[in-house]
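The structure appears below as structure tokens.
The values are calculated or read from the model by the stated rules, or taken from the named source; none is laboratory data. In this text the structure is predicted, and so the values were computed from the model without any measurement. Counting neighbours? That spans all protein chains shown, and the Cβs are built from the backbone with ideal geometry, glycine included. Surface areas here come from the heavy atoms of the whole protein model, side chains and all, with no ligands, DNA or RNA. Shrake-Rupley method; radii C 1.70, N 1.55, O 1.52, S 1.80 Å.
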Amino acid sequence: MNFAGMERVSLVDYPGKVALTLFTSSCNFDCSYCHNPELKEMVEEKVGQSEVFEYLDKRAALIDAVVITGGEPTLRADDLIPFVESLKAQFPAVLVKLDTNGWNSDILREFLDIIDYVAVDLKSLDYEQFSTVNLKQIQKSIELVKTFSTHEIRITMFPPYVPEKDFEELARMCSGASLVSVQQYRPVAGFCESPPYSDSVLGQFADLISGYVQNVSVRK
Ligand code: SF4
């Protein structure tokens, strides 16, 4: 398994942990606000398993976790599952988090026994704007993720995907989750310049969600 990139140390990708972040390339969605557009397509992936393991080996006392993100990592499940199994065998103390857009619950299920934390996106009620996946498939992933001991549902507040008329339904879909992160959307100059919601709208949405879930965090 090779990766498109490795971010050497992050304190935000795995909440409360010092994490090494690995990026896979290629994604089956086409979100207007994507901040990793270079990873939407398959690119040459130069960071190999041996480089990752060597890095962890040298810093075993310093790194708590590995975060696998993309692109969409689960598109690479055939290679990624054996990679995570080897990582866990060699570094049992290192926690593993997987970020996913939630496109396929069957594939996601295969990861849940081998990772420690899963974060799934809930992007909209209308996935046809940016993917060939329908909402039912996403709902299955959301329900699956809720069964996982450490999980997070992430909602990026891009007004065209998350209109205010959908807030109530989106909040209901999160019902029973232990953590929902409401993330401010950041315009991308030249590509995606819709104005973001105000902080107060984000706060109102977070309040609505808090009626259904244990914890809500707002990332501005
Ligand atoms: S799912 Fe993530 S990586 Fe894929 S296009 Fe959307 S924002 Fe970008």
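Below are the figures for this structure:
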| item | result |
| --- | --- |
| Label-point gap, in nm, between residue 129 and residue 165 - each point 7 angstrom along Cα→Cβ | 1.2 nm |
| Mean Kyte hydropathy of -0.5 or more with a Cα span along the axis of at least 15 Å, helices from DSSP in the chain | 77-90, 135-146, 199-210 |
| Contour minus Cα-Cα distance for residue 42 and residue 110 (0.36 nm per residue) | 22.2 nm |
| In nm, spacing of pseudo-spin labels at residue 189 and residue 207 (7 Å Cα→C-beta vector) | 3.6 nm |
| Cα-Cα pairs of the chain separated by more than 25 Å (percent) | 39 percent |
| Estimated 222 nm signal from helices in the chain, with DSSP H stretches of n ≥ 4 weighted -39500 (n - 2.57), rounded to 500 | -8500 deg cm²/dmol |
| Environment charge at residue 155 (Cβ cut-off 9 Å; Lys +1, Arg +1, Asp -1, Glu -1) | +1 |
| Per-residue HN-Hα couplings for region 173-186 [Karplus 6.51, -1.76, 1.60; θ = phi - 60°; Hz; x = Gly/Pro] | 4, 7, 3, x, 6, 8, 8, 10, 9, 9, 10, 5, 7, 10 |
| For residue 70, residues with placed amide H under 5 Å, excluding near neighbours | 24 |
| Heavy atoms of residue 88 accessible to a 1.4 Å probe, total area in Å² rounded to 10 | 50 Å² |
| Residue 210 accessible area, assembled protein chains, probe 1.4 Å, Å² | 60 Å² |
| Formal net charge of residues neighbouring residue 174 (Cβ-Cβ distance under 14 Å; K, R +1; D, E -1) | -3 |
